[in-house]
Amino acid sequence: MITRSLPQLAHVTCRRGLTGVGAIRLFSASASQRADFTHAVIGGGVVGLAVARALAERASTAQVSSSASPVLLLERHSDVGTETSSRNSEVIHAGLYYGAESLKTQVCIRGRQLLYKFCEQYGVGHRRTGKWIVAQTPNQRHALEKIYAFAQSYRGGREHLEDDEVLPLRWVTADEAKRREPAIRAEAGVLESLSTGIVDSHGLMQTLLGLFEDAGGVLAAGSPVVRITPLGGGSDAPGSGGWQLHVKPIGAAEETVVTAETIVNAAGLGAAAVHNMITQGDAAGPTGPPRKLYYAKGNYFSYAPSQPRVSTLIYPAPDPGVGGLGTHLTLDLAGRIRFGPDFEWVTDPTDLAANAARLPAAIEAIKSYLPGIDASALQPDYAGMRPKLLPPGGAAKDKKDPDFIVRSEPGYKGWVNLLGIESPGLTSSLAIGEMVEKLVYSGS
Ligand SMILES: Cc1cc2nc3c(=O)[nH]c(=O)nc-3n(C[C@H](O)[C@H](O)[C@H](O)COP(=O)(O)OP(=O)(O)OC[C@H]3O[C@@H](n4cnc5c(N)ncnc54)[C@H](O)[C@@H]3O)c2cc1C
């Protein structure tokens, strides 16, 4: 049996008091139905949090007639940010790898700028470490030259922008490389990215959550969305009458239903399932084949010894078609080094144990640029899961991964859909939040 009781959902799951939430909002001037919330964001990872915060702040500054809470953030786990957003390298990427026309490049560069400013403004832990991409062979050198040429060409027509706003890169001479990072081997060259850094992803998410709640947003944790019904339809697009979300709170026997004028699917590894709840449901609307995600695990390896010492992020030259950026060396904010992620196709997105069988290959990859590593001290640590839009081999044609999908879903009203938000999703999160806010409020 389904109950249509928002307070019930609230008492079971929400972190904050819900005074005023029972008040209802008009879907639109012409619609007679009323919605519990203006916007519902599904998925409390870093991207969903950034989107929810942007929408809540926008709504809190807009003139709204109702005292109802403007944004509901629904997260299936009992806390935010426990999936991919807390299982990554925490690198603030420059935006070097995705091509001039891609949304990934656009939101990575914009997101990086916003993120540095955000961290400074709100005291989120971060450091501009810089990053070296190292080549050992002429082929790898060629790969570095292509990255450099891309960065130069990307600057073309953007000369008015500050260095930090584009892709600042420089070549490091062999002497300088030896002086700065004596432990690093780079037989065929080093390209340095000056704008790369690291961020405390947990601090970032907690700060976003605080800002979201300060703007009147409501987090419903422990609230998996299990079914979605677009309202309206007939001669109008599905969703023009708003959206009904069926939620099965953890531990509850019954579903609860909430309504919202617009919805944002930011469900990460669960985004295809959420997409299919809409397109494969009973409401009339564009259906098409169900969406499917594929999963590529990234295993990390810890390293406790203090030697060899390295103070820059070290990435091997990219190997097109192999997937990922190669088993690289990153630093945490305490200066500890860790290695990974590697790239392993799996079928189960919950298969998150670091795979010890991958250690020998990782050691070989790491030794190519850090020959002095004590391999016996490397331990399988944790793993993250990439939500891939194409299956193994699917990206082989142009050797590029598919772009992020961030769009108002055609044929529907009030549904912004986010799919395939893999790396650099952490870096891009604030820019994606900004973009979704524009899609919701001005349609572009
Ligand atoms: C190994 C690895 C390394 C990476 N390294 C970096 C890096 O260094 N820098 C960088 O910029 N990016 C990196 N990324 C990418 C970055 O981590 C992700 O792009 C980002 O965390 C995605 O955030 P998200 O909010 O979209 O997804 P998630 O963090 O997965 O959040 C989605 C949320 O939706 C919830 N959810 C799902 N289904 C439902 C449902 N039905 N109802 C309610 N809630 C639901 C989930 O519980 C989850 O909390 C890396 C990714 C991986 C896998």
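The values are calculated or read from the model by the stated rules, or taken from the named source; none is laboratory data. Remember, predicted model here, so these are calculated numbers, not experimental data. All Cβ positions, even for glycine, are placed from backbone atoms using ideal geometry, and neighbour counts span all protein chains on display.
Below, the figures for the structure above:
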read-out	value
Options LEU96, LEU18, LEU26, LEU9; residue that is outside the structural domain of GLY234 (by TED's automatic domain parsing), at pLDDT below 95 and surrounded by 15 or more Cβ atoms within 10 Å (Cβ to Cβ)	LEU96
Any hit, region 99-112, residues being at positive phi and not charged (D, E, K, R)	yes
Residue that is at positive phi and surrounded by fewer than 23 Cβ atoms within 10 Å (Cβ to Cβ), where the choices are GLY288, GLY268, GLY239	GLY288
Looking only at region 29-81, and only at residues there that are farther than 28 Å from ILE421 by Cβ and either small (Gly, Ala, Ser) or at pLDDT 90 or above (or both), the one that is surrounded by the most Cβ atoms within 10 Å (Cβ to Cβ)	ALA68
Per-region count, region 225-236, residues surrounded by fewer than 19 Cβ atoms within 10 Å (Cβ to Cβ) and under 27 Å from SER85 (Cα atoms)	2
Search result, residues across region 244-256 that are touching an Asp or Glu at 6+ places or on another chain (Cβ under 9 Å) and either in a strand (DSSP E or B) or buried (at least 24 other Cβ atoms within 10 Å of the Cβ) (or both)	HIS246, VAL247
Residues within region 355-385 that are touching a Phe, Trp or Tyr at 6+ places or on another chain (Cβ under 7 Å) and under 17 Å from ALA304 (Cα atoms), tallied	9
Any hit, region 377-388, residues being touching a residue at least 12 places away in the same chain (Cβ under 8 Å), outside the structural domain of LEU419 (by TED's automatic domain parsing) and of a type in the set (Asp, Glu)	yes
Residue, nearest to TYR303 (Cα to Cα), within region 328-345, restricted to residues that are in a strand (DSSP E or B) and within 11 Å of the ligand (Cβ to nearest atom)	THR330
Unmet criterion (only one of (1) under 30 Å from LEU114 (Cβ atoms); (2) at pLDDT below 95) for PRO391	(1)
Residues of region 405-419 that turn out to be more than 9 Å from the ligand (Cβ to nearest atom), modelled with pLDDT of 95 or more and over 21 Å from ALA35 (Cα atoms), as a count	4
Hey, TYR369 within 11 Å of the ligand (Cβ to nearest atom) and of a type in the set (Phe, Trp, Tyr) or not	no
Subset of region 200-257 that is among the charged types (D, E, K, R) and over 20 Å from LEU49 (Cβ atoms) - its residue that is farthest from the ligand (Cβ to nearest atom)	ASP236
Test: residue in region 129-142 that is closer than 25 Å to LEU211 by Cα, away from the ligand (no atom under 16 Å from the Cβ) and either in contact (Cβ under 8 Å) with a residue 60 or more places away in the chain or not assigned by TED's automatic domain parsing to the domain that holds THR327 (or both)	no
Candidate set from region 67-99 (those that are free of Cβ contacts under 8 Å to residues at least 60 places away in the same chain and polar (S, T, N, Q)); member that is farthest from the ligand (Cβ to nearest atom)	SER67
